[in-house]
Every structure is written in C-alpha cells, then in structure tokens.
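Structure record follows, encoded as structure tokens.
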Amino acid sequence: MTAVQDPRATELPETATTTLATRVRDWAAREPDGVAMREKHLGVWEEMSWAEYWDAVHTVGHALIALGVEPGDRVAVHAENRREWLISDVAIVAIRAMTVGLYPTNPAPEVHYLLGHSGSTVLIAEDQEQVDKALAVADDLPDLHTIVYLEPRGVRRYDDPRLLSWEQLLSRGRAHREEHPDAVAARMRSATPDDVATLIYTSGTTGPPKGAMLSVRNVEFAIATLIERGGFVDPPPTRSDLVLSYLPLCHVVERVFSVWFNAAAGVQVNFAESIDTVQQNLAEVQPTIVFGVPRIWEKVVAGVEIRATKATPVKRLAYRAGMALARRIGATLVAREGNHTLGTRVQYALGWALLFRPLRDRIGLRKARYAVSGAAPIAPEVLEFFMGIGVPMHEAYGMTENSAIATANRPGRVKLGTVGEPHAGIEVAVDERTGEICTRHPGNFVGYWRDPEATREMLDGQGWLHTGDVGEGVDGTHIRITDRMKDIVITAGGKNLSPSEIENALKASPYVKEAVIIGDGRKYLTALIGIELETVGDWAQRHHIPYTTYRDLTEKPEVVALIQSIVDETNARLAQVEQVKRFRLLPKELDHEDGELTATQKVKRSAIAHQFSDLVEEMYGGKGAAA
Amino acid sequence: MKRGATISGRPELRTSYRADMALLNSRPKRLGAGVILAAALAAPFLITDALLAIAALACAAAIGAIGLNLVSGYAGQVSLGHAFFIGAGAFTAAALTGDPGESVYGLGLQWIVAVPAAGLVAAVLGFLVSPIASRFRGLYLAIATLGLVFLGEHILDNWRSLTGGAGAGRRGVIAEIGGVRLDQPTEVAGLVLTTSQQLYLLALVLLVVLAVLARNLARSAVGRAFEAIRDRDIAAEVMGVRLGRHKMIAFTLSSFYAGVSGAVYYTVINQINPESFNLLLSVQFIAMVLIGGIATISGSIMGAFFITFLPRITRELPAIVPFLTAEPTLRDGALLTVFQLEAILYGVLIVGFLILEPRGLYGLWVRVRNYWKGWPFTY
C-alpha cells in the first residue's frame, strides 16, 4: 500500500452511529502503527498497520462513490480471504452500501443467481477464475456496471469496458478524495443503525440461496454480545489475540471472527494462504483464538492419528502414554463441565512435558487459549480429544439470521453434546409443541432480501426468529440440538429419528468423511457413506491393497469390510430402530461444483438421494446385501 | 504491538525477509550459539594446556577447512591444492615476523600485520591460479590442483632463503602484539595467562570472526551463485551467474582462508618444515570437510576439531585395546601401532561417512535435531 496519510492529520468525521467503519477509523487514530492484519505473500507474513488499513478503506470508499455507488446499493465481493476483502467490506459499510459475499467455489450459474438476485452494481472479483465466471453471465445482469479484479494475471489483456483493476480503483479513489475530501466522512456521518450492512446468502440445502439482511444494529449487537461481553471468547478478545482467517468470509461466522473481532477488539487477523495450507499456517501463526467447523477439527484429529501411527516406536510409545493421560483428563473435564481437579492438573503437567506441548505446537494450537466449534454438529469424541490435550474447546450455536447470536458453552460450564447456554441479555426459547428453537433479540435479522414471504416464515409477529432447528433443554440451562426440522426422518414404522446424530457417530471415525442417512418412509435406515481418501488410502497402503482412483478404492472388498466394521461398531451403541441396516459407498467425492454440497460444504440431502437413487434403491430393493 | 517486531513464541511467523534470513532466526539457535561461545571462552580455564594447544590447532585448522568448504563444498570446485595455499600463508607470516638477523628472511613485523598479509599473499596466488582452474571441471580440476601441490612442494623445498630448505625448516610464526610476546606467559589484570591459553583465545577469536564472515557470504548472492554453479554450472550460467567471476571469487577467498589458517597454525607450532605441505595435508582437509559436512560452516568446524583431536584420541586407545601399541614400531605381540590405526581410521571414517551420512557430522546433528523437532511424529 502506498502513500499513507497520517490518520491524525485528517480530521475525524463525527458520527452518531458506530459502524465497522468508525471502529476501524478509531483504531487507526489510536494505534496507527499497530498491526491490524497479516497476509503471507511470497513466503513472508506481510503486515498491515491500522493506519494503512484505514487509509485503504477510505480510498476504496471514495472510489466506490466515484463509481456511483449510492447508499443501499449492493457491492459484491468474490474472493478468498485476503486484505482486500476486509478493506472492501469496511469501505462498503462506510459509504452505507451493502456487502454481498460470494463463495470462491460458487460456479458461474450460482454467481449469476447471486449477482442477479442481489442486484449488485459493482463486483470485486479476485482473479481470472472469478472474473471469467462473472463475464460469462454479465450480459444478463443489467445492474452490474463495474468488475474490479485484484489479481491482474490473465485478466490484463481482457477487453471489456466493465473491467477495472484494483490499482485503477485506488487511483480513482485518490483522485476523488482530492476533489471531495469529505465525501466518505459525510456518508459515515449520515449512517443510521437501520442501514443494512451486508447481505449474507445462506447456503440453502433445499432451495436457492436466500439473502439475509443484517443491519448495522444487528452487527453492533453481535459485537456487544459475542465479543465485548465474551459470548464467544471469554475473557473477551484483545489487541494481543491472533486469529487465522481461513473459512469463507461470506459466511457469518468467519465474518464475526475475522472482520468483527478485528474491528471491535483489535484482534490481529492472519490470512491463511488457502484452505489446503491451514495446517501449516496454523503452526506458523499459532493463533490464540481458533474457530473451526467440525470438518476442520475432525481433520486435525485424523491427521494426528495417522502421523502417530507412522512414527518411530519410541515416539509411538510416548504418544500412546500421552493420549492415555489425555483421555483420562478429557473424561474428567467432560464430567466436571470443563473444570480441572488437582489430579487432572498433575496429569496435565506430566502430559504437557511428554506430549501435549509438542503436539499442540505441531497442530498450531499451542497458544490457543480458546477454541470454538460451530456451524454444524460435532461428535463429542472430537471435543473430548481437544479438551484432553489442553485446548479449551467450546461448542457454540447460532445462524446467519440471528447474527450468529444464540447459545454457547462457557468456560467451566461446558456440557458436551449441548450447544451451551443462551448468551446474556437475549431470549432463547424451545417451542413446546414442535421443539423448534426460537430466538428474540436485536440481532435478529431485518429480513430476506426481496423475499418477504420467506421472511414471514422465519420472523413471527412477536419478533421471534424460528430457527428451524429442533432441540431440547438440558438441566434447565443448556440446550441440545437434535436436528434440522426438515431433516427429521420418519420411518415407515412411524418412528421420528434424527439422522445427524447417527451420521456424526459414523463420521467420528477418521475413515468416514460423509455419511447420509436415508430412511424417510422406509422400513429401516440405510446410509450412503463417503470415505476419506487420505486416511483410507493410507490404510490401504499399509495393508498392501493397491488402488488407482477414489472410485477404485471404494470398490475394494477390504475397504467395504473396513467401513462395515465401523458401521457395526456404531450400531452397537444405537437403539434397534436407529441402526443402519445397509450402506453403500459413494463412488465419488462430493463436490460443490456438482451441486452435491453447499458452498459451506454441507451435504444437500435431496440432491444426494436423487443423484445416487440407484444405490438407494439397491439397498431397499434387496439386490445384493451390503458388503 | 509494533510492526516488524518479533511475535513472541512464534518463530515461524516471519514478517520480513530479514527475519527469515537471519543467522540465528530462532530462540533455540540463539541460546545454543550463546552456550557454545560461552563454553569456548571458558575452556582455557577448565582444561589442561596440552589439550588447549590441540584446541588452538583445531581452531586454525577450522579456518582452513572453512576455506576449502567455500570452494569445494559451496562452489563445488574440487581442490587438492589446499596444502599449497596453507604453506604459502605459513611461510609468509613466518618471514614477516621472523628476526631480521637470521639465515632465513625475517622482517620482524607485528603478528597483527603478518596474519592478514599471509591471507592476502595466499589470496593473490589463488587469484593467479583461478583463470586456469576455472577452465577445468571435476576430475580434471582435481588433477590440475594436484599439480599445484607438487609444484609448491618443490619450490618450498628448494627456496632455502625463505623456508630453510627440506629437512631443516625454519622457526614458526612469532606472536608478538604491541611488544607483548604471546608465546610467553603474560600477566593480564592480575591473571597469569599461559602460552596455550593466549594462543587458543587468539585462534578462537579469529575463527569466530572468519566463520561469521563465511556464513554471511554463503547466504548472500555470491553464496547462492556458488551453490548454483555446484548444482549445475550450465544452468547457473543460463540464469545469469557469471561462472568465471564466481569461480575466481571462490578460489581467491578459499586461498585467503587457507593462508590465515597456515599462519595461525604455525603460530601454535613453532617449527615449519617445507615438506609438511604435501598431498597428505590436502587430503586431511578434504577429510575435515567430508566428515564435518559439505557446504556447512559449522560442519567445517566440527570436522576440523574431530580430525585434529583424532591422534590424541587414538593415543589413549592402547590402554584399553590390547593389540595396540603406542610405540612407533611393532613389538610385544602388538598387531597395530596407533599411527597405523590413525591412517586406517581416516580411510574408514571418510568411506563410512560418504556411505552412511553424506552430510557428515553436521548431518548427524540435523538428524538428532529433527528427531526432537518432529516429536511426537516422525515428520
């Protein structure tokens, strides 16, 4: 970034409403040289100070005004997590427009839908890949007049009047700033709590994505509840905390942990190079606060177990001894809601010297003072593993429509299998008739963009948000979630079953990546299981089973037998009606581009059942038994 | 937290190339280097003078080994001529510090002047040889530099006015700094330092300075050019590395280190014989580099200490091993003399290291370090 103006030299605009933009501006005034974020570029973690951050936000704000973005207009961002994402997001809020985040994995038809439905006028796209997707559909999008690209490689020679490079955007911003030095400040002054700050498109496991409108008031309430009052991280985050930003920023949780944590508490954001390098980047950054979806935590555990089996005998012995300690510590902690006893402290000290310190160092959690899992249900075994090795792990619950504000496990009051207690100062209720969880607080969203009907389904007259999740109270304080309401399976025998619990029990095995339970209106339950290529491939190698592709691996009788043993093991812990009678292995890895997963890697049940209907019918048609 | 500051406890979170390339880029490295340096400085007061004298020789040898490692290890130019440059340095320093009245040349200059001059004379010789040497490669270069050793041996044997001639030799380098003779005990601040203590400390300081310089060179553009030439000279040239120029730099620098090494070595030993600078000496230095670790500075130092202390260790063996004798000839039913054992050990160690651990002692250290670094995994 060039030509940084001293933020103290520019006059601070006065605003009645606190927004993300005013927060970033205030950090720049207070700590101009403090590190706001880091991004690994050509092998080095380049730092960006608050002054540079605010300067860039200010310039981009001017540039967007110069491009004709008015308050209430939508500006889309289609990029991996990087500095420009945060700069754009805050700049968009500063000029009172709405940020629309697109998943980098969104294929062109979805890009078409999202840009068209939101009516975005400006798109900030990362590179040639994303620009190509947009250009393929741009002629059908009359509102879209400018596409800004961040990486010029491959795009430089494109000849389209709508294209603009990030550098050109900045120079336009600078020119506009010279001419109208007060333009952005004026917009910030006129901001109100009712301004919609962002449209967050929910992944939509059933229908097309819906754009949840989150207002400035929603965001500020989330900051107050989740960050300042320690709802997600307790004690609350500060300047000296570090996070690794690696989940898509268009998802509400990553927005909370990256953009909002940063703007509200000054937490230093470090951008992972890509989702594939998360492990390495974690080890480099050693963040103090870590948020992960279950898939990430499961992957860490599986990786540890695989690498431990490959270690030398002495190291294996040390690992086994250490993990035996970890299991005892974990079990005690689980029983005592996360509180240590003298015994566990002594055991922990032993394990720390032997295993926990180096192990946590290797997986990048040595400095983790608070870890959070959310966005999907997680197997309790995985949480126990982390608690055992000394990573304070807390499951939390929330959704886009309530600005991620619902419940969380708090330190010292952790109940495994629950999503925790409602945050202070909000209302959470379980509908007595349906068991549906409802929330009421100022973080409840404004509504769905251009979809009043769907809004009415979610928000009732009394201000309650119907989450669509079925749950129950535990011990009067905590809440346990059974499943998504529409996912509940009713067998032909009339039993109501929650597929996700069975699926999670299966997914606790490192060999199982995906499990989809089928049984709605059927006599018994069956499962479609996707194997984890990495671990099963490794297992096959160790057992001298040659294979070529993923599909070939799934067809090996030994692999089917392996999965059968996992299914049998899981069945042993389940009631008769919940048992999986038959299963089939999915012949391919599920993918977003093929429409089998949502952008957040959630399985689209209906799509799977449809696409693999031959496998499903085989399980019920009696053509060949499972394995 | 300020920008560019190191972030405590996160050695891998490097925020600038400077931090990434720093010599001691992690806390364990800083700690380890500090401990080793402190131990080296405390050694004169902890071990006997006899051992200290050997340690001083080892420091001198280490300087020479670093020089050979620059040209052979880093730049990949096999040189058998190292003994020639060491001899050049030794006799230059001896002549510059020698008494003017004796039968051989002597200018009676200060040691501080003589040692750099010895390095420079050797460097000039290396520079003169480099145009020839840089036209050869591999085996041909080895043969060409081998010729240099024989040429040098012949000159030194016959240049009586400088070297005292074959069989006679001359007095070693006299360590006189500002009127203080370091080859005699001196009182410093109420503490009497013996000759060995003084010479050891002198050699140690020179070694540390030259080792740091060499390490810095190795991680600079010149060092990277050396390694590019070693890995594939044609590819290096295509990338824009000037072969002739860098080979010249390698030979000149290597010779400078050899010259200084010779001057310091013969400050500790006070008799120089011209026939010492033969092929065997070159081979000894090659053994240091191979056993210590190719293309590592710390490996060169380890190798030099190992090879220099090897005779001392084998001399202890007859007490433990029955069929060994410390006498120069075989008697009382002994099967081997320690000198024969030494020669055998050189061979066995070189072959053994080449087969089992081509990265030498340094490689062994890396293995140990990685074992613990990887804990609790293997990789």
Residue match in segment B:20-28 (condition: at pLDDT below 95, within 12 Å of chain A (Cβ to nearest Cβ) and surrounded by fewer than 17 Cβ atoms within 10 Å (Cβ to Cβ)) | yes
The helices (runs of 4 or more DSSP H) lying entirely within segment B:210-279 that contain at least 1 residues which are touching a residue at least 60 places away in the same chain (Cβ under 8 Å) and within 30 Å of B:Thr195 (Cβ to Cβ) are B:243-268
If we keep only residues of segment A:28-64 that are assigned to a strand (DSSP E or B) and β-branched (Val, Ile, Thr), then the residue nearest to A:Gln268 (Cα to Cα) is A:Val35
Checked A:Val300, A:Val290 against criteria (assigned by TED's automatic domain parsing to the domain that holds A:Ser373 and outside any helix (DSSP H, G or I)); the one match is A:Val290
Scanning segment A:33-70 for residues that are among the β-branched types (Val, Ile, Thr) and within 11 Å of chain B (Cβ to nearest Cβ) gives A:Val35, A:Val44
Per the filter on segment A:255-292, residues farther than 16 Å from A:Asn81 by Cα, more than 13 Å from every other protein chain (Cβ to nearest Cβ) and out of contact with any Phe, Trp or Tyr (no Cβ under 9 Å at 6 or more places or on another chain) are A:Ala264, A:Ala265
In segment B:324-346, anything touching a helix residue (DSSP H, G or I) at 6+ places or on another chain (Cβ under 9 Å) and either exposed (fewer than 12 other Cβ atoms within 10 Å of the Cβ) or within 30 Å of A:Ile306 (Cβ to Cβ) (or both) is listed as B:Pro328
Within segment B:361-379, residues in a helix (DSSP H, G or I) and either within 14 Å of chain A (Cβ to nearest Cβ) or charged (D, E, K, R) (or both) come out as B:Arg367, B:Val368, B:Arg369, B:Asn370, B:Tyr371, B:Trp372, B:Lys373, B:Gly374
Those residues of segment A:344-373 which are crowded, with 23+ Cβ neighbours inside 10 Å and either polar (S, T, N, Q) or more than 12 Å from every other protein chain (Cβ to nearest Cβ) (or both) amount to A:Leu365, A:Ser373
Residues of segment A:328-359 being among the charged types (D, E, K, R) and within 28 Å of the chain's Cα centre (by Cα), in sequence order, are A:Glu337, A:Arg357
Expected single match for more than 25 Å from A:Ala212 (Cβ to Cβ), of a type in the set (Asp, Glu) and not in a helix (DSSP H, G or I) among A:Glu384, A:Glu432 is A:Glu432
| message | Taking the criterion of being outside any loop (DSSP other than H, G, I, E, B), more than 14 Å from chain A (Cβ to nearest Cβ) and not β-branched (Val, Ile, Thr), would at least one residue in segment B:321-331 satisfy it? | response | yes
B:Glu12 vs (1) away from chain A (no Cβ under 14 Å); (2) more than 23 Å from B:Leu213 (Cα to Cα): all pass except (1)
Counting only strands (runs of 3 or more DSSP E) entirely within segment A:441-523, those with at least 2 residues that are farther than 30 Å from A:Gln564 by Cα are A:465-474, A:478-484
Filter segment A:293-329 for residues that are facing chain B (nearest Cβ under 10 Å) and under 30 Å from A:Thr598 (Cα atoms); the one that is surrounded by the most Cβ atoms within 10 Å (Cβ to Cβ) is A:Val304
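Results for (1) in contact (Cβ under 8 Å) with a residue 40 or more places away in the chain; (2) under 27 Å from A:Lys415 (Cβ atoms), shown as yes or no for each residue.
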position: A:Val253; (1), (2): yes, yes
position: A:Ser258; (1), (2): yes, no
position: A:Asn270; (1), (2): yes, no
position: A:Glu273; (1), (2): yes, no
position: A:Glu284; (1), (2): yes, no
position: A:Pro294; (1), (2): yes, yes
position: A:Glu305; (1), (2): yes, yes
position: A:Pro313; (1), (2): no, no
position: A:Thr332; (1), (2): no, yes
Output for Cβ contacts, cut-off 7 Å, separation at least six or different chains, first residue part of a helix (DSSP H, G or I) in segment A:530-558, second loosely packed, with under 13 Cβ neighbours inside 10 Å and at pLDDT below 95, reads A:Glu558/A:His543
If you go through A:Tyr158, A:Tyr103, the only one that is under 27 Å from A:Leu20 (Cβ atoms) and at pLDDT below 95 is A:Tyr103
Just one listed residue, out of B:Pro358, B:Pro318, is assigned to a loop (DSSP other than H, G, I, E, B) and away from chain A (no Cβ under 14 Å), and it is B:Pro358
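The values are calculated or read from the model by the stated rules, or taken from the named source; none is laboratory data. Computed from a predicted model, the values in this text were never measured in an experiment. For neighbour counting, all protein chains shown are included, and Cβ atoms are generated from backbone atoms with ideal geometry for every residue, glycine included.
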